[in-house]
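Participant: My questions all concern the structure below.
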Amino acid sequence: PESFIIPDGTEIILKDAKISSTGFSGSCSVDVPLLYDGDKNFSNGTEDATIFGIPGGLKHVEIVIENNIPTTFNLEGQLLVPYFEKPVDVLFKIDDNGDVTATIKSVENELPLIKDDLIALYFQSLQFKKDGEEGSFTISGGIEPLLFSKDGIKWPRLTIKGYELYSTERTTHS
């Protein structure tokens, strides 16, 4: 159909596929070209790419099946962070236990998200995870207030590496 357009450069890969007495096993992935022009626009080569109206799109989709049972489902893409207008990588994974991981990480080593005279966020990664009955939230990056910085006030930067919050009564950090 017209609404289902496969962009040029798309790769569909089937690996380790086999049919046996226990069923189908193998993995299938689709890699789609996603281009960022550096000026707030993503495209798949022929048309603009958006996710729910936000510039961005999918780059990789993968499903792994073992004996007719899906064991892994991965989505990877990029989108533009609203308000700060910077691109980030987005990863979403569901495993065979139904556990879900969603990760957002900087395309660069560290992504400065700055609003003059207010705050500077130095974003590295943010992850939400559901593992069994437990949920967790992990963050890495930094924060620096910018209030009155034009008047010469220099605030200290707070750096956070792998700080984890759990739905149960524990936290960890590295």
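The values are calculated or read from the model by the stated rules, or taken from the named source; none is laboratory data. All figures in this text were calculated on a predicted structure; none of them were measured in a lab. Don't worry about glycine lacking a Cβ; one is built from the backbone with ideal geometry, like all the others, and counts go over all protein chains shown. Accessible surface is based on the protein model in full, side chains and every heavy atom, while ligands, DNA and RNA are left aside. Shrake-Rupley method; radii C 1.70, N 1.55, O 1.52, S 1.80 Å.
Participant: Is there any pair with a first residue in segment 33-61 that is in contact (Cβ under 8 Å) with a residue 12 or more places away in the chain and a second that is open to solvent by 40 Å² or more (accessible area, probe 1.4 Å) and hydroxyl-bearing (Ser, Thr, Tyr) whose Cβ atoms are under 6 Å apart and which are 6 or more apart or on different chains, and what are they?
Facilitator: Phe42/Tyr36
Participant: Go through Lys40, Lys18 for me and flag whichever is open to solvent by 70 Å² or more (accessible area, probe 1.4 Å), basic (Lys, Arg) and in contact with a Phe, Trp or Tyr (Cβ under 8 Å, 6 or more places away or on another chain).
Facilitator: None of the other options fit; the residue is Lys18.
Per-residue answers, yes or no, for (1) over 21 Å from Leu75 (Cβ atoms); (2) open to solvent by 70 Å² or more (accessible area, probe 1.4 Å); (3) in a strand (DSSP E or B):
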residue	(1), (2), (3)
Glu108	yes, yes, no
Lys130	no, yes, yes
Ile153	yes, yes, no
Thr159	yes, yes, yes
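Participant: Quick one: how many residues across segment 62-80 are surrounded by fewer than 17 Cβ atoms within 10 Å (Cβ to Cβ) and either closer than 16 Å to Gln124 by Cα or without any contact (Cβ under 8 Å) to a residue 24 or more places away in the chain (or both)?
Facilitator: Looking only at that region, the number is 2.
Participant: Hey, can you tell me all the residues within segment 136-149 that are of a type outside the set (A, V, I, L, M, F, W, C) and at pLDDT 90 or above?
Facilitator: Ser136, Thr138, Ser140, Gly141, Gly142, Glu144, Pro145, listed by residue number.
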